[in-house]
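FYI, it's all coordinate maths here, none of it is from the lab. A quick note: this is a predicted structure, and the numbers were derived from the prediction, not measured. A quick note on method: Cβ atoms are made from the backbone with ideal geometry, for glycine too, and the neighbour counts reach across all protein chains shown.
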Amino acid sequence: MQRRKTLTQYLIEQQRENNTIPADLRLLIEVVARACKAISYHVSKGALGGVLGSAGSENVQGEVQKKLDVISNEILLEANEWGGNLAAMASEELEEIHPIPSTYPKGEYLLLFDPLDGSSNIDVNVSIGTIFSVLRSPDGADTTAQSFLQPGSKQVAAGYAIYGPQTVLVLTTGNGVNCFTLDREMGSWVLTQPDMRIPEDTAEYAINASNARHWYPPVTRYIDELVAGKDGPRQKNFNMRWIAAMVTDVHRILCRGGIFMYPADKRDPSKPGKLRLMYEANPMAFLVEQAGGKATNGTERILDIQPQQIHERVAVFLGSKNEVERVTGYHADSN
Ligand code: AHG
Ligand code: MN
Ligand code: MN
Ligand code: MN
């Protein structure tokens, strides 16, 4: 029988052989993975489970919450509260941070998550996911929202799950990127794509082109060149994909390369983009860099940004190194 490596086995090896993760971080990742399994179960039930549609509430981002946004958030909170490895949690769906209740032991880590990424895909049966990030708490028992305000370079682990044709978990603890597929019958995550790498060059890009009229000049210049294809200055054809769930767009890039962009635009000059730095951009930037790619906000490495508040937004350009460098260079040219 073919021997398969499970997530548990992979994490124990990392702890023992490579010494890259301490035992409490390993256990924390296992709990997150278990919560993702539960979310996957609810997602897969769809209309049969009564999980589709709107919850009728709004989150702090001003978005209408879908039932699955709320269910996924509750599953992650509940699963991670009692494990003893966390000091507090923060979520896209919660206005304030969620400290560990005093009835449970506290640990030294902070967990941040986008419980359900790609909410607009839920009701049309298109892939969605969960994104998470782990930081160390600098303040022990006195954790506040301030404790979370660390640059992404301080992350000790990050990853995502995708609920699609297959349910997968993609993880980094700072030692490369590995993808595990959920074996539903066995209930285990099996290592299926070890050491994911993003090629430096690509002919595929992802951007919501309906916003083209709002873009700033460096983005327009870059996209115009891609669209011009073989007849333009790049002398090469480019293809476009947009799933409208960052998690799946980034997964495609980790599987076969590409560049993903959600730029700031002229609609609201005070808004530095749509995506959230702490729940979306930082964990994805950590994964992308670990796979040999790059991630910037157009001017600066995402992982170097000092957050000012937990729900902060940011412009995102990430993926194949040479394309991210090119569009980042166009921003520098325009200054
Ligand atoms: P969420 O569902 O967690 O609010 O995030 C949705 C985000 C991101 O996943 C995706 O890339 C982007 O919004 C899609 O935005 P558009 O609808 O503007 O294309
Ligand atoms: Mn949302
Ligand atoms: Mn999201
Ligand atoms: Mn979300």
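Remark: spin-label model distance residue 332-residue 17 equals 3.9 nm, labels positioned 7 Å along the Cα→Cβ axis. For segment 197-335, the normalised intensity computed at q = 0.17 Å⁻¹ comes to -0.88 (log10 of I(q)/I(0), Debye sum over alpha carbons, equal scatterers, no solvent). Considering only 234, 301, 256, the Gaussian network model of the chain with Cα springs below 10 Å gives its largest mean-square fluctuation to 234.
Positive end of the dipole of segment 191-239 (Cβ unit charges, origin at the Cα centre): among 206, 222, 193, the Cα lying farthest that way belongs to 222.
A simple charge model with +1 on the Cβ of Lys and Arg, -1 on the Cβ of Asp and Glu and nothing else charged puts the dipole of the chain at about 880 debye relative to its Cα centre. For the chain, the pair-distance distribution built from all alpha carbon pairs, in bins 10 Å wide starting at 0, is 6, 26, 35, 24, 8, 1, 0 percent. Using a 10 angstrom cutoff on alpha carbons, build the Gaussian network for the chain and name the most mobile of 49, 319, 129. Looking only at 49, 319, 129, the biggest GNM fluctuation is shown by 49. Peptides 106-118, 167-179 ranked from most to least packed by the mean count of surrounding Cβ atoms within 10 Å: 106-118, 167-179. Enumerate the lysines that residue 321 could reach by cross-link, defined here as Cα to Cα under 20 Å, with residues fewer than 8 away along the same chain left out. Within the straight-line cut-off, residue 321 pairs with 236, 294. For the set 66/271; 66/274; 45/266, the pairs lying more than 29 angstrom apart at their alpha carbons are 45/266.
The trypsin sites (Lys or Arg not before Pro) of segment 1-44 meeting both criteria, a DSSP state outside H, G, I, E and B (loop) and at most 14 other C-beta atoms within 10 angstrom of the site's C-beta, are 3, 4. Quick one: angle between helix 67-81 and the longest Cα principal axis of the chain, in degrees between 0 and 90, rounded to 10, please. So the inclination is approximately 50 degrees.
Backbone amide hydrogens, once placed in the peptide plane, bring residue 129 within less than 5 Å of 117, 163, excluding anything fewer than 5 places away on its chain.
For GluC sites (Glu not before Pro), the sites in segment 8-72 that DSSP calls loop and that have at most 16 other Cβ atoms within 10 Å are 63.
Taking the helices alone, the chain has a mean residue ellipticity at 222 nm of -8500 deg cm²/dmol, built from -39,500 (n - 2.57) per DSSP H run of at least 4 residues and averaged over all its residues.
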